[in-house]
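Peer 1: Got a structure here, written out as structure tokens. Questions coming.
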Amino acid sequence: QVQLVESGGGWVQPGGSLRLSCEASGTTLSYRAVAWYRQAPGKEREMVATTDRSGSTGYSDSVKGRFTISREDAKNTVALEMNGLKPEDTAVYYCHTVTWTSIYWGQGTQVTVSS
């Protein structure tokens, strides 16, 4: 049974930084493409960062240059380093991966950026 657990969310002032972690059980993330999504109140869920099995990464235009996705294979974890946070980054952030048979989401972690 695959489970994804996000952590590291919280409140931060504009310009601040947070580091989110997605820890997996039941699967080895180094074999999987992994993505971070976010969903703000009243908005659709959107992808913000991805990493594939080769380690290639991709980012949405709204976070490019501020967010960095990285793998920590020894911990079976994928991290999202977020710098230069803005109020519009406020959202619930979700970790996502797929296997041959299923799609998996974590429970989400809240990020709030405000002064």
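The values are calculated or read from the model by the stated rules, or taken from the named source; none is laboratory data. Just so we're clear, the structure is a prediction, and the values are computed from it rather than from any experiment. When we count neighbours, we look across all protein chains shown, and the Cβ atoms used for this are built from the backbone with ideal geometry, even at glycine. In case anyone asks, the SASA skips ligands and DNA or RNA and just uses the protein heavy atoms, side chains included. Shrake-Rupley method; radii C 1.70, N 1.55, O 1.52, S 1.80 Å.
Peer 1: For Gln13 and Lys86, calculate 0.36 nm times their separation in residues minus their Cα-Cα distance, and state this gained length in nm to one decimal.
Peer 2: Details: separation 73, 0.36 × 73 = 26.28 nm, distance 0.81 nm.
Between Gln13 and Lys86, full extension yields an extra 25.5 nm.
Peer 1: I've got another one for you. Is there a quick way to get the dipole size of the stretch 9-115? I mean about its Cα centre, with the Cβ of Lys and Arg at +1 and of Asp and Glu at -1; what is the value in debye to the nearest 20? Each step should come with its number before you reach the end.
Peer 2: On the way: 11 positive and 10 negative charges, 6 e Å.
Computed charge dipole of the stretch 9-115: roughly 20 debye.
Peer 1: Which three extents, in angstrom, do the Cα atoms of the chain have along their principal axes, listed largest first?
Peer 2: 41, 25, 23
Peer 1: Out of the DSSP beta bridges found with both residues in the chain, what percent are antiparallel (nearest 5)?
Peer 2: Numbers: 37 of 40 bridges.
Antiparallel: roughly 90 percent of the beta bridges in the chain.
Peer 1: Comparing Gly58, Gly16, Gly26, which has the greatest mean-square fluctuation in the GNM of the chain with Cα pairs linked when under 10 Å apart?
Peer 2: Gly26
Peer 1: Would you look at the GNM of the chain, springs on alpha carbons closer than 10 Å, and say which of Lys43, Lys75, Lys64 moves the most?
Peer 2: Sorting by GNM fluctuation, first place goes to Lys43.
Peer 1: I would also like to ask the following. Under a GNM of the chain (C-alpha, springs under 10 Å), which listed residue has the highest mean-square fluctuation: Pro41, Pro87, Pro14?
Peer 2: Most flexible of the set in this elastic network: Pro41.
Peer 1: Next question. Rounded to the nearest percent, how much of the accessible area of the stretch 1-100 (1.4 Å probe, protein heavy atoms only) is carbon and sulfur?
Peer 2: Details: 2550 of 5280 Å².
Summing carbon and sulfur atoms, their accessible area is 48 percent of the total for the stretch 1-100.
Peer 1: Next question. Give the lysines whose C-alpha is closer than 23 Å to that of Lys86, dropping any in the same chain fewer than 8 places away, or say none.
Peer 2: Within the straight-line cut-off, Lys86 pairs with Lys43, Lys64.
Peer 1: Relative to the present Cα-Cα distance, how much length would full extension add between Val2 and Ser54 at 0.36 nm per residue of separation?
Peer 2: Once the chain is fully extended between Val2 and Ser54, it gains 16.6 nm.
Peer 1: Express the accessible area of the chain per residue in Å², computed with a 1.4 Å probe while the remaining protein chains stay in the model.
Peer 2: I get 54 Å² per residue for the chain.
Peer 1: As an exercise, use a Förster radius of 22 Å and the Cβ-Cβ distance of Thr101 and Ser62 to find the FRET efficiency, rounded to the nearest 0.05. Please list the in-between numbers first.
Peer 2: On the way: r = 32 Å, r/R0 = 1.44.
According to the calculation, E is roughly 0.10.
Peer 1: Multiplying the sequence separation of Gln110 and Glu44 by 0.36 nm and subtracting their Cα-Cα distance, what value in nm do you get?
Peer 2: Working: separation 66, 0.36 × 66 = 23.76 nm, distance 1.54 nm.
Roughly 22.2 nm would be gained on extension.
Peer 1: Right, something else. When the Karplus curve 6.51 cos²θ - 1.76 cosθ + 1.60 is applied with θ = phi - 60°, which whole-Hz ³J(HN,Hα) does each residue of the stretch 83-89 get, with x for Gly and Pro?
Peer 2: 10, x, 5, 10, x, 6, 7
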